[in-house]
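Some notes on the structure that comes next.
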Amino acid sequence: MKSEQLNLLAKELSTCTSCPLRKDAIAPVGWFGNPDSPIVFIGEGPGGLEDNYGCPLIGPSGQLLDKALWAAKMTRDRVLTTNIIKCRPKSNRTPTIEEGKKCAQLWLEKELSIIKPAVIVALGSVALHYLGNPELRITRARGQWFKSSQGFDCIATYHPSYLLRLAGHSQVAAKWEVFHDLEAARNKVTEIVPSYNLMSKEPTNLFALFNKR
Ligand code: SF4
């Protein structure tokens, strides 16, 4: 069972001290969602609220992601969300490519080999650089399909934190681009696994499921 394998992996992850990022975080933040999901969303790393609650993408970025998912007919409980980096970098700085690579090779690769998703959505540059190529630019590469080194079908889109930093017309335009990318990902999943239900009747209330740690 995938859920049992992921639970064992989560126990191992909770004790990881393999890099200096661990000392500035409360604890590693793993993944959330349905282990049988054919679609996985990969962000950058935990921020303050994620570190406090031990849940990926629960803060303002995650709340915007949830709205975008709802618009594209998906809910967080039916998909799986995770990050490249599991420990919050001090002051929420962007993790380096080397930090991302080290953590993802230790943990994300194991998650993906258990979940075996049909489609991966890379949220932002850090995920795009790890899954694709460090030379790629998110503004040019978003919306285009590529294969990860493990052979997964991936599509990149903007990280919701980028959308939150935009304003006015630029923000509206970028939100539409994200919507179209999510729609493309959803359509591909539906084509490959037509029987899987990607949407619950209500949006997922993560704060009802996680307590501060
Ligand atoms: S960031 Fe990753 S590799 Fe570093 S301590 Fe945390 S879980 Fe381990």
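What follows is calculated from the coordinates using simple rules that are stated; it is not laboratory data. No experiment lies behind these values; they were computed from the predicted model shown. All Cβ positions, glycine included, derive from the backbone under ideal geometry; neighbour counts span all protein chains shown.
Where residues in the stretch 102-115 are free of Cβ contacts under 8 Å to residues at least 60 places away in the same chain and within 15 Å of the chain's Cα centre (by Cα), which of them is farthest from the ligand (Cβ to nearest atom)?
So in the stretch 102-115, the residues free of Cβ contacts under 8 Å to residues at least 60 places away in the same chain come out as 104-105, 109, 113.
If we keep only those that are within 15 Å of the chain's Cα centre (by Cα) as well, we get 104, 109.
Details: 104: 8, 109: 12 Å.
Taking the candidates together, the pick is 109.
What strands (runs of 3 or more DSSP E) completely inside the stretch 107-213 contain at least 1 residues that are among the small types (Gly, Ala, Ser)? Even if it seems obvious, please write down each step before you answer.
On the way: elements: 119-123, 145-147, 153-157.
Answer list for the stretch 107-213: 119-123, 153-157.
When only residues in the stretch 1-53 that are among the acidic types (Asp, Glu) and part of a loop (DSSP other than H, G, I, E, B) count, which is farthest from the ligand (Cβ to nearest atom)?
Restricting attention to the stretch 1-53, the residues satisfying the condition of being among the acidic types (Asp, Glu) are 4, 12, 24, 36, 44, 50-51.
Subset that is part of a loop (DSSP other than H, G, I, E, B): 36, 44.
Numbers: 36: 24, 44: 12 Å.
Filtering first and then ranking leaves 36.
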